[in-house]
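Below is one structure; the comments refer to it alone.
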Amino acid sequence: MEKNFEGLLQDFQELVHKIKYYNEALAVIFWDLRTGAPKKGVPGRAKVIGMLSTEAFRLSTSQEMGDYLSYFEQKDNFSKLDPIYRAIIEECRKEYDRSKKIPEAMYKEYVILTSEAESVWEEAKNTDNFSMFSPYLEKIVDFNIKFIDLWGFKDNKYDTLLDYYEPGMTVEKLDRIFEQLRERIVPLVQKIKDSSYKPDDSMFFRNCYDTARQEEFSLMILDKMGYSFDAGRLDVSEHPFTIGMTPGDVRITTHYYPDNFSSALFSSIHEGGHALYEQNINIELEDTPLGTGTSMGIHESQSRFWENIIGRSYNFWSCYYEDLKKIFPEEFKSVSLEDFYKAINKVEPSLIRVEADEVTYNLHIMIRYEIEKALINKEVKVADLPRIWKEKMKEYLGIEPKNDKEGVLQDVHWAGGSFGYFPSYTLGNIYSAQIYHTLRKQFSNFDELIKKGELTKLKDWLGENIHRHGKLLTPAEILKSVTGEEINSGYLIDYLESKYKEIYNARLSIIAFVSGTAWKPPPTY
Ligand code: ZN
C-alpha cells in the first residue's frame, strides 16, 4: 500500500536521524584520535572512519533521499511541513546536489589526491620545498575549477566556494568589505609600528608556567563563561579544536606550553566560544543537519567575540587578574594589571597567521583571499605563488618571509582543498564587532557586567539571539535579526582603532603617571 504524507515524513525523519547518528559516531572517533588514542589503534580507527563516512555519504545521496526530496518539494507537500522540516529539506537538497553533480570516480580521485597532498605538504613545509608541493596544488586547483563548472556559478567562480562556508557570501560583497578594511587597517598597523611604545610580553615566554595550573585557570574561566561541563569536557590535543556531537556533548581541546603562557588560555577561551554556540542550539534540531552553527563565519564570530573582545579586554582582566595571580603568585608577582593587559594586546606584524594579533590578523586573510580568487579564476599560476606571497606580505604588513615555510607553505588548508574557507576568519571578526556594538546597546551596564564577571548574562543573550537557531536561519538573517544591519566592517575598524590607539598612546600615560596620574583603562563606546 502506498504510504501517505505522514508515513513518508516519518520515514524521511528516520533517514535524516540515521545520517546524523553516523556523523556523531564519526565525531567521537575523530575526537578520540586527536586526544590520545593509542598509536597502534589508529589504523583500525581509520577503517571504521572509512566505513561510516562512506555509509553516511551513500545515504545522503541515495535514490531514497532523492525520492523524498522531490516528494516533499512538491508545493502541496512543502506547505504542510513545519519550518524546521522545510529548512531540513532545503539543507538536504543542497548536500544532495553538491554530491550528485560530481561523478563518483572523479570525487574518489580527488579524495586520494588531497590526502596525499596533505602529507606531501607537511614534508614540503618542513624542508622548505615549494616545488615539491606545487604539482599537487595545481591539480587541486584544477579539480576545484572543474567542480565549480559542474555545480554552476553566477558571477564569479569563487562565489561557489565562498557559499559553501558562508551561504550567501559573494566576491562582489567581499571585495568591498576587504577594501574598506584594508583602507583603515594598513595605516593603523603602520601607526602602531611607528609608535615608540612597545608593550613588553616577555613575561609570557619564561619557561615557568606549570601546565596543571594553566589547566586549572582555563577550567575556571570556561566555567565563568557558562560552558557546561555536564555537556562537555576540556582535553589536550596538538591543535586546539571544538567538536560537537549534540548540544549535550560538545568537547573542546587546548594545548599547554610551559614557555608560552597566553597560548593555551586564549585557545581555551576561543574554543569555549565555539562550544557555547553548539551547546545552546535548540534541542529540537539535535538529530538533524540543522543542529550546528549556521556558517563558519558566524561560528568564528562567537569564538573571537569571547577570545578578543571579552578575553582581551581591560574590564575582563580587572575582574580575573587577581584570580590568575592566586594560581601563579610568583610568576605574576611583579606584573601590574596594566602591563598584563598591554602584553596580551601586543601588535606586531608577523609572518605566521595563527600567531597574529587581532589587528594584523585580517591582513593575513586578505592575502590568502586574493590569491585564492586569482587561482580559481586562472589569473595567476601556482608556480608564481611564492613571489606573489612575498609581494603581498610586503605591501600589507611591511615584512617579507625569507623562505616559503614561513610564507606560502604555512597553512594546511590548500593541501586539503579548503578553498573559500579563509575569509570566514575575517568575517567572524567583523560579525563579532557588530554583535558587540549591539550588546553594548542592549546592556547599558555592559562594562559593569564584565567587571563583575557576570559573563553568563552575555552567554544567555547570545544563546537566545544566535545560538538556539542553529542552521535554521542563514548567516545574513542571523546578523540582521541581531544587529538590524547587513554586514558592516566599520564596527570592527572602530573597535580596533579605539582600543589600540589607547594602548599605543601609553608613552603619554607613563609621563602622566610620573606626574602623579595613574594609567586609565581605554574608554569604551
Ligand atoms: Zn575558531
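The values are calculated or read from the model by the stated rules, or taken from the named source; none is laboratory data. Everything quoted here is computed from the prediction, not taken from an experiment. Cβ placement follows ideal geometry from the backbone for every residue including glycine, while neighbour counts extend to all protein chains displayed. Only protein heavy atoms, including side chains, enter the accessible area calculation; ligands, DNA and RNA are left aside. Shrake-Rupley method; radii C 1.70, N 1.55, O 1.52, S 1.80 Å.
Among residues of segment 222-250 that are charged (D, E, K, R), those with a Cβ under 8 angstrom from a residue that is assigned to a loop (DSSP other than H, G, I, E, B), sequence gap 6+ or separate chain, pair up as 224/453; 235/35; 235/36; 238/255; 249/232.
Take the conditions (1) part of a helix (DSSP H, G or I); (2) among the aromatic types (Phe, Trp, Tyr); (3) without any contact (Cβ under 8 Å) to a residue 12 or more places away in the chain; residue 153 misses just one of them, which is (1).
Tell me yes or no: at least one residue of segment 246-256 is within 30 Å of residue 194 (Cβ to Cβ) and outside any loop (DSSP other than H, G, I, E, B). Taking every residue of segment 246-256 in turn, none turns out to be within 30 Å of residue 194 (Cβ to Cβ) and outside any loop (DSSP other than H, G, I, E, B). Do we have any residue at all in segment 425-442 that's assigned by TED's automatic domain parsing to the domain that holds residue 188, surrounded by fewer than 22 Cβ atoms within 10 Å (Cβ to Cβ), within 16 Å of the ligand (Cβ to nearest atom) and closer than 30 Å to residue 320 by Cβ? Yes, segment 425-442 contains a residue that is assigned by TED's automatic domain parsing to the domain that holds residue 188, surrounded by fewer than 22 Cβ atoms within 10 Å (Cβ to Cβ), within 16 Å of the ligand (Cβ to nearest atom) and closer than 30 Å to residue 320 by Cβ. Within segment 231-240, the set of residues being open to solvent by 10 Å² or more (accessible area, probe 1.4 Å) and modelled with pLDDT under 95 comprises 238, 239, 240.
Determine, yes or no, whether residue 30 is touching a strand residue (DSSP E or B) at 6+ places or on another chain (Cβ under 7 Å) and either without any contact (Cβ under 8 Å) to a residue 60 or more places away in the chain or under 28 Å from residue 417 (Cα atoms) (or both). Outline the logic, then answer.
Values: touching a strand residue (DSSP E or B) at 6+ places or on another chain (Cβ under 7 Å): yes; either without any contact (Cβ under 8 Å) to a residue 60 or more places away in the chain or under 28 Å from residue 417 (Cα atoms) (or both): yes.
So residue 30 fits the description; yes.
Taken over segment 201-231, the criterion of being more than 16 Å from the ligand (Cβ to nearest atom) and either among the aromatic types (Phe, Trp, Tyr) or at positive phi (or both) is satisfied by 204, 205, 209, 217, 226, 229. Put simply, of 379, 400 the only residue that is in a loop (DSSP other than H, G, I, E, B), open to solvent by 10 Å² or more (accessible area, probe 1.4 Å), in contact with a Lys or Arg (Cβ under 7 Å, 6 or more places away or on another chain) and over 27 Å from residue 453 (Cβ atoms) is 400.
Whenever a residue of segment 296-308 is of a type in the set (Lys, Arg), its partners that are more than 9 Å from the ligand (Cβ to nearest atom), lying with C-beta atoms within less than 6 angstrom and at least six residues away or across chains, give the pairs 304/429; 304/432.
A Cβ distance below 8 Å, combined with a sequence gap of six or more or placement on separate chains, defines the contacts here; from segment 382-393, residues that are closer than 21 Å to residue 136 by Cα reach residues that are aromatic (Phe, Trp, Tyr) and part of a helix (DSSP H, G or I) in the pairs 385/130; 386/130. Residues considered: 238, 307. Of these, the only one that is over 30 Å from residue 90 (Cα atoms) and within 11 Å of the ligand (Cβ to nearest atom) is 307. The residue pairs whose first member lies in segment 115-129 and is free of Cβ contacts under 8 Å to residues at least 60 places away in the same chain, whose second member is open to solvent by less than 70 Å² (accessible area, probe 1.4 Å) and in a helix (DSSP H, G or I), and whose beta carbons are closer than 9 Å, counting only pairs six or more residues apart or on different chains, are 116/136; 123/132; 123/133.
Look at residue 365 and say whether it is among the β-branched types (Val, Ile, Thr), part of a helix (DSSP H, G or I) and within 30 Å of residue 91 (Cβ to Cβ).
The answer is yes for residue 365.
What residue, among those in segment 199-230 that are of a type in the set (Gly, Ala, Ser) and not in a helix (DSSP H, G or I), is surrounded by the most Cβ atoms within 10 Å (Cβ to Cβ)? The selected residue is 226.
Taking the criterion of being open to solvent by 30 Å² or more (accessible area, probe 1.4 Å) and within 16 Å of the ligand (Cβ to nearest atom), the only residue of segment 405-415 that qualifies is 412. In segment 261-273, what residues are under 14 Å from residue 237 (Cβ atoms) and near the ligand (Cβ under 10 Å from one of its atoms)? Once the filter is applied, which keeps residues that are under 14 Å from residue 237 (Cβ atoms) and near the ligand (Cβ under 10 Å from one of its atoms), segment 261-273 yields 267, 270, 271.
Say we look at segment 458-508 and pick out the residues that are in a loop (DSSP other than H, G, I, E, B) and among the aliphatic types (A, V, I, L, M); which of these is least open to solvent (accessible area, probe 1.4 Å)?
Going through segment 458-508, the residues in a loop (DSSP other than H, G, I, E, B) turn out to be 466, 470-474, 484-489, 505.
From what's left, among the aliphatic types (A, V, I, L, M): 466, 472-473, 487.
On the way: 466: 0, 472: 59, 473: 45, 487: 42 Å².
Across segment 458-508, the extreme among qualifying residues is 466.
Checking each residue in segment 64-113 for being open to solvent by 30 Å² or more (accessible area, probe 1.4 Å), part of a helix (DSSP H, G or I), within 20 Å of residue 3 (Cα to Cα) and not basic (Lys, Arg) picks out 64, 67, 70, 71, 73, 76, 78, 79. Taking segment 274-303 as the search range and keeping residues that are farther than 14 Å from residue 474 by Cα, away from the ligand (no atom under 11 Å from the Cβ) and part of a helix (DSSP H, G or I), which one is most open to solvent (accessible area, probe 1.4 Å)? This residue is 284.
Pairs meeting the criteria (first residue in segment 334-350 and closer than 15 Å to residue 316 by Cα, second residue of a type in the set (Val, Ile, Thr), beta carbons under 7 Å, at least 6 apart or on different chains) are 342/503; 345/503.
Condition check ((1) of a type in the set (Asp, Glu); (2) not in a helix (DSSP H, G or I)) across all residues:
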| site | (1), (2) |
| --- | --- |
| 372 | yes, no |
| 413 | no, yes |
| 424 | no, no |
| 427 | no, no |
| 435 | no, no |
